[in-house]
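Chemist: Quick one: the structure is below, questions incoming.
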Amino acid sequence: MAKENGFCRRYDTNLMWKEMEEMTENPGYLKNLKKESVVQSVINCLTDAMRNKELKPGDRIPPEPNLAASMGVARSSVREAIKILTYLGVLESKRSEGTFVCDGFKESMIDPMIYGIILNQDSFENLMELREMTETGIMRLAILKYDEDEGRELEKLLGQMRVVMDSGEDMVDRFFQVDNEFHDMISRMGKNPLADKISRVVRTLTCAMRYETVSTMINGGRSEELIEAHSKLYETLKSRDLNNLQGVVRDSYFGEALQGREEME
């Protein structure tokens, strides 16, 4: 028999096609939602179907009128639910073809998470703890999966940092750009797409404080220390040294420099 699963119905394989025919081709995950909070219930119904593999990446969802009729809700509620899921990067609309479940990660999925953290007004300490935890984990993955070719690319970025410092021109912005490329490279070296995406979110959230660190160190005549910290990260990866990994990451933050600047202001 069909069994209830959240707001939607999940069907046993042997009976699925028979019941689908009896429901005049309405998908099995659709259920009348008159008693539920409408827009959120439509969202829950579709996402439950994705979780249960009734809707798979690349599948086309039924047209809005069919969804509305099957769920017993207004078409406007279905349209709003689809808009939300499209914004979140879960669904995508293709002109003249319909609306489909996205196949893979979309960059737009990152934005709601960033906005949520920003609006939650997380403290500087909380963000720093999140950054340290994430970057230490990323470093560990990169060490365990270290690749010589990627290591050479990282070494080239170190060389670019030196070139920026030696040029004496627009050093803060140019160094910060290379710094981002350096850490993005380390994140990719971990060869874990999920960890890479989370790392990118954290780096976006901490962009202002990271820029402030680079500016403080360069303008304070501590450029060499800044390069040395990145060299230490590189050497730790190259030597595959898992000892004191958290300390190496933490030392690259130069928290005492920012603290000193805050006290002066």
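Coordinate-derived values only; no laboratory data. Being a predicted model, the structure only gives us computed values, none of them experimental. Here the Cβ is made from the backbone with ideal geometry for all residues, glycine too, and neighbour counts use every protein chain on show.
Chemist: Applying 1/(1 + (r/R0)^6) with R0 = 30 Å to the Cβ-Cβ distance of residue 235 and residue 170, what FRET efficiency is obtained, to the nearest 0.05?
Modeler: On the way: r = 28 Å, r/R0 = 0.93.
Efficiency, rounded to the nearest 0.05: 0.60.
Chemist: Looking at this model, which pairs from 191/232; 156/191; 53/94; 56/238 are more than 30 angstrom apart at the alpha-carbon?
Modeler: Violating the 30 Å Cα-Cα cut-off are 56/238.
Chemist: Taking the simple approach of a point 7 Å from Cα along Cα-to-Cβ for both residue 156 and residue 93, what is their distance in nm?
Modeler: Calculated label separation equals 4.3 nm.
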